[in-house]
1. Find the helices (runs of 4 or more DSSP H) located wholly in region 9-122 whose residues include 3 or more that are exposed (fewer than 14 other Cβ atoms within 10 Å of the Cβ), and list them.
2. So for region 99-107 (the condition being modelled with pLDDT of 90 or more and among the small types (Gly, Ala, Ser)), does at least one residue qualify?
3. Name the residues in region 68-122 that are aromatic (Phe, Trp, Tyr) and free of Cβ contacts under 8 Å to residues at least 60 places away in the same chain, would you?
4. Is it the case that Trp37 is of a type outside the set (Gly, Ala, Ser) and either at pLDDT below 90 or touching a Ser or Thr at 6+ places or on another chain (Cβ under 8 Å) (or both)?
5. Criterion first (closer than 24 Å to Leu118 by Cα and modelled with pLDDT of 90 or more) does Arg93 satisfy it?
6. Based on this model, can you work out whether Leu56 counts as out of contact with any helix residue (DSSP H, G or I) (no Cβ under 9 Å at 6 or more places or on another chain), at pLDDT 90 or above and within 20 Å of Met31 (Cα to Cα)?
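The values are calculated or read from the model by the stated rules, or taken from the named source; none is laboratory data. All of these numbers come straight from a predicted model, not from anything done at the bench. Cβ: placed from backbone, ideal geometry, glycine included. Neighbour counts: every protein chain shown.
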Amino acid sequence: MSAITILVLLLIGLFAGVLSGFVGVGGGLIMVPALVWALGYSQHMAQGTSLGVLVLPVVFLAAWNYYKAGSLDVKAVSFIAVAFVLGGYLGSRWSLALPAETVRRVFGVVMLLAALKLIFGK
């Protein structure tokens, strides 16, 4: 891996981490497009790499800050985490069974809908 690639990966991680801690997004919203555009990853490789980052406790300190401020619902986290594990498994199986182009388009639609809701929603 070249020094430039390592630098780009570190910048992607830093930007995704800052946004994750700041507004609760970073993985899919930042890392996936950045890996595709900046490093030419396939859609499946970018998504897998983004999920691989989440396997490690990389968001622990950000979550801990929210917990200390009283802004983290531990009970809700527990329920969501259980369902998230199952959903992550099923979603990854489904994604890998589809062509990367289809997955890229679905990803784009999801991002667009989320952006429209945030911009125009109440």
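1. 60-68, 74-97, 100-120
2. Scanning region 99-107, I find at least one residue that is modelled with pLDDT of 90 or more and among the small types (Gly, Ala, Ser), so the answer is yes.
3. Result: Phe79, Phe84, Tyr89, Trp94, Phe120.
4. Judged against the criteria, Trp37 is not a match.
5. no
6. no
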